[in-house]
Each structure stands twice: as structure tokens, then as C-alpha cells.
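One structure is given below, encoded as C-alpha cells.
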Amino acid sequence: MSDRFLPVAEPDLTGNEKRYVNEALDSGWISSNGDFIRRLEADFAEYCAARHAVACCNGTVAIHLLLLAMGIGEGDEVLVPSFTYVASANAVTYTGATPILVDSETEHWNLDPARLEEAITPKTRAIMAVHLYGHPADMDAIGEVARRHGLPVIEDAAEAHGAEVNGRRVGGLGLAGTFSFYGNKIITTGEGGIVTTNDDELAAKMRSFRGQGMDPNRRYWFPIVGYNYRMTNIAAAIGCAQLERIDAFHERRRTIAAQYSERLGSECEHFGLQLPHEAPWAKHVHWLACLRTPAEQRDPLMHYLSEHGIDSRPFFPPLHELPIYSADRFHGGRPLPGATELGATGLNLPTFNSMTEDDVDRVCLRVLRFFTAPV
Ligand SMILES: *Cc1c(COP(=O)(O)O)cnc(C)c1O
């Protein structure tokens, strides 16, 4: 058995990435104008069946841009799952609004539609669904609550490029969707992000905020305080090459996830483990393979794997456990048992395109050995 170090994630840059980056360099368009920006925006919008895509410098900024364009700010509240990456809530905080943390369900590990209503107040301006680890949130049920209260739903799809709800891709399911192209995401631009929307006015506002707030019809005239949140043409060149191969990337991840399930599935009940499963209405894109264990065994398992050259990472600690978001005003004193349980019991296992069947076998063998012969 090879002892090659297995990282949790690794980008696959074996397509046209180098070629396109060199084309960008040769063209001299290395900042935020250029053909690759336009092409990435057009191709990604089409991919998500959205009218517009606005590229920007990372996935956190994508959320910030969207909230700015929605006019969200001081005195407003945005509902966010407590079980998510910190960026989802931080972007709300940047605007002066308050992220209100909502619990997650423990089957697919996303925002629990049944816990939304109790968190809605007259200050609520939007509901942010997050499609965690590649499995989409229950957008139909979330949308139903949102409609009852006249609220827009926005999607943080940073971990779920290409995931589907009832055959429709994320990013085109609510008012707008945001994506990250960080190096460990399903497709990457190094650092980068994008917002998709069908709303013309929202897209125009995001383009303005992205470029210092300049009036599109009057150069160097700035009616609003904007930002420099642009993506470079070099980053977009990488993104265009990645998007060409997204179907193949999904296929690889699906195969790897299926191998994990095959090898570990029969032992789950015995050792109190849980693997992800796909809701009947969902297409899961398996950003990172996930495993839940009894809480007391999660960290020792990660330690054991690391001793055998296998990287893993814990699930996100729920935001309500972070000192920056633990105050009552972020969750109205409501308990968030789902998020707490998920944060304490989950880990991500290596998932990347060049992983071989032997690599997955090796990880599974170590996981099973940990549970059968604890060290
Ligand atoms: C990665 C990620 C982000 C932020 O993306 P960056 O490109 O790292 O800024 C936001 N939300 C979620 C759920 C993420 O996983």
C-alpha cells in the first residue's frame, strides 16, 4: 500500500488552463478587462440557466456584492444557516446588517426549512440558503416559506457548482446565487467568485459596485461609494478551462463518493457512522466526501488518519459557537441542536480528480481499522 500523502483537495489543472493563461499574458490583458472575463461570465451564466453572471475576486466578495446591490445594510437581518463556512455570515456583517443564525437538518445537513419561520422578524430582508459540501438545500420548501413572507431567497453555492434541485441548477433557483472559485472548490480560478442572477437591475448594480461605483455612462463619475472587487483576466482564463471540463469533474467526484459509500456503507450501522445520501429531488455534486462519526471519535480518527499520511478536515464548527457570532442577538436565544451536532461529528475525506481507486481503498481501510482496532 502506497504511503503517498493524500490531501483533502487538489486542483486539476490538466486541461487548457496553461494555454489560456498564456493567451491572456500574450494579449497584454492581465487586469480586469479581457476576453476571458467576458467568456467566463457568458458561459457560467448559461451553465446556471441565468441571464447574468458577474465575476469578482472571491466567493466572499460575491456574497457582499450581491447584498450591497440588494440594498441590505444597517438595521436589516439576513437568515443564514449556523452550520456553514464563516464567509456566509461575514459578508452580511460587512454590510452592517445582522446575520440571524438558523438551525440545519441532520439528513442532508442544510438549512432546515422548518426552523425559518421562528427567525423571521419585521427586519428580515432575505433568506440565504447554502448548498453545503455539494448537496443542494431544500429550495422548494425554503421558497415556500419565503413566498409566504415576501422574502427573496439567495443561494451561497460556493461548494456546489452544477448541483440540481428537481433538474434545475443552483445559482438560478432564487433571486441570485454566489459561487467561489477558490483552489479547493469544484472548479477554480485560484482566487475568484461569481454571482448569477436573472434580475437585470441587480446585475447592473453589482457591476457598478464591483468597479468603484462608476457611472457606466460617465467616466470617473462616482455617484456611489463602490469597491474594487474585480477578477483578473488571468484568473478568468483558468476558469474558462475549468468550466469546459466540469461534467468530467462531476463524474470523477461521483465515482469517488460511490467508492467511499460502497466500502464504508455496510459498516455504518455497526460503528454509528453516517455517509451523505442524495435526496430524491437533488443532484449531489460531492464537493468533499463526508463522514459522520460518534462525537468522541471524530478527532481521534482524524489524528489516526494523519499519522498514516491521510489528510482530513473537521466539519465547520457552527457559527453560533464562534465568539464573534455567539451573542443572543444572532439567534434570539434559540437552540441550534442540528448545527451543533453536525459540527461535532463530521469530517471531510480526500476527494480530488486524480485520486485512484487504490487511494480511496487506502482511506477506507484506515477508517475501518480505526473502528475495529482502536489505537
Ligand atoms: C469557500 C466558501 C465561501 C467563500 O469563498 P472564498 O472564495 O473563499 O471567499 C463562501 N461560502 C461557502 C459555503 C464556502 O465554502
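Quick look at the values:
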item	result
Residue in segment 299-319 that is part of a helix (DSSP H, G or I) and at pLDDT below 95 present	no
Matching option when the condition is among the β-branched types (Val, Ile, Thr), within 24 Å of Arg253 (Cβ to Cβ) and over 17 Å from the mean Cα position of the chain (by Cα), among Thr106, Thr98, Thr93	Thr106
Verdict on Ser306 being among the polar types (S, T, N, Q) and within 22 Å of Glu105 (Cα to Cα)	no
Residues that are within 15 Å of the ligand (Cβ to nearest atom) and basic (Lys, Arg), drawn from segment 187-214	Arg210
Given (1) open to solvent by less than 70 Å² (accessible area, probe 1.4 Å); (2) assigned by TED's automatic domain parsing to the domain that holds Leu173, number of the condition Arg39 does not satisfy	(1)
Any hit, segment 253-276, residues being surrounded by 15 or more Cβ atoms within 10 Å (Cβ to Cβ), closer than 17 Å to Gly162 by Cα, in contact with a Leu (Cβ under 6 Å, 6 or more places away or on another chain) and not assigned by TED's automatic domain parsing to the domain that holds Leu65	no
Single residue of segment 1-21 satisfying the filter (open to solvent by less than 80 Å² (accessible area, probe 1.4 Å) and part of a helix (DSSP H, G or I)) that is nearest to Ile256 (Cα to Cα)	Glu17
Residues being assigned to a loop (DSSP other than H, G, I, E, B) and either open to solvent by 10 Å² or more (accessible area, probe 1.4 Å) or hydrophobic (A, V, I, L, M, F, W, C) (or both) - total across segment 160-185	13
Cross-chain or 6+ apart pairs with Cβ under 9 Å, segment 102-116 first and farther than 17 Å from Gln274 by Cβ and in a loop (DSSP other than H, G, I, E, B), then among the charged types (D, E, K, R) and modelled with pLDDT of 95 or more	Asp103/Asp112; Asp103/Arg115; Asp103/Arg334
Phe222 being of a type in the set (Phe, Trp, Tyr) and outside any loop (DSSP other than H, G, I, E, B)	no
Breaking point among (1) more than 18 Å from the chain's Cα centre (by Cα); (2) within 16 Å of the ligand (Cβ to nearest atom); (3) open to solvent by 40 Å² or more (accessible area, probe 1.4 Å); (4) not basic (Lys, Arg), for Gly75	(2)
Residue that is farthest from Ala89 (Cα to Cα) [pool: residues in segment 28-53 that are out of contact with any Asp or Glu (no Cβ under 7 Å at 6 or more places or on another chain) and within 16 Å of the ligand (Cβ to nearest atom)]	Leu40
Options Asn110, Asn58; residue that is crowded, with 21+ Cβ neighbours inside 10 Å and closer than 20 Å to Gly183 by Cα	Asn58
Qualifying residue in segment 277-296 (condition: at pLDDT 95 or above, over 22 Å from His108 (Cβ atoms) and open to solvent by 20 Å² or more (accessible area, probe 1.4 Å))	yes
Filter result for Leu25 (at pLDDT 95 or above, in contact with a Lys or Arg (Cβ under 9 Å, 6 or more places away or on another chain) and either among the basic types (Lys, Arg) or assigned to a helix (DSSP H, G or I) (or both))	no
Search result, residues across segment 131-155 that are open to solvent by 10 Å² or more (accessible area, probe 1.4 Å) and within 16 Å of the ligand (Cβ to nearest atom)	Met139, Val153
Criterion violated by Ser354 - all others in (1) outside any helix (DSSP H, G or I); (2) surrounded by 13 or more Cβ atoms within 10 Å (Cβ to Cβ) satisfied	(2)
Restricting segment 311-337 to residues that are open to solvent by less than 10 Å² (accessible area, probe 1.4 Å) and not aromatic (Phe, Trp, Tyr), the residue that is farthest from Leu101 (Cα to Cα)	Pro318
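The values are calculated or read from the model by the stated rules, or taken from the named source; none is laboratory data. Nothing here was measured: the structure is a model prediction, and the numbers come from that model. Quick reminder, even Gly has a Cβ in these numbers, built from the backbone with ideal geometry, and neighbours come from all protein chains shown. We work out accessible area using only protein heavy atoms, side chains counted, and drop any ligands, DNA or RNA first. Shrake-Rupley method; radii C 1.70, N 1.55, O 1.52, S 1.80 Å.
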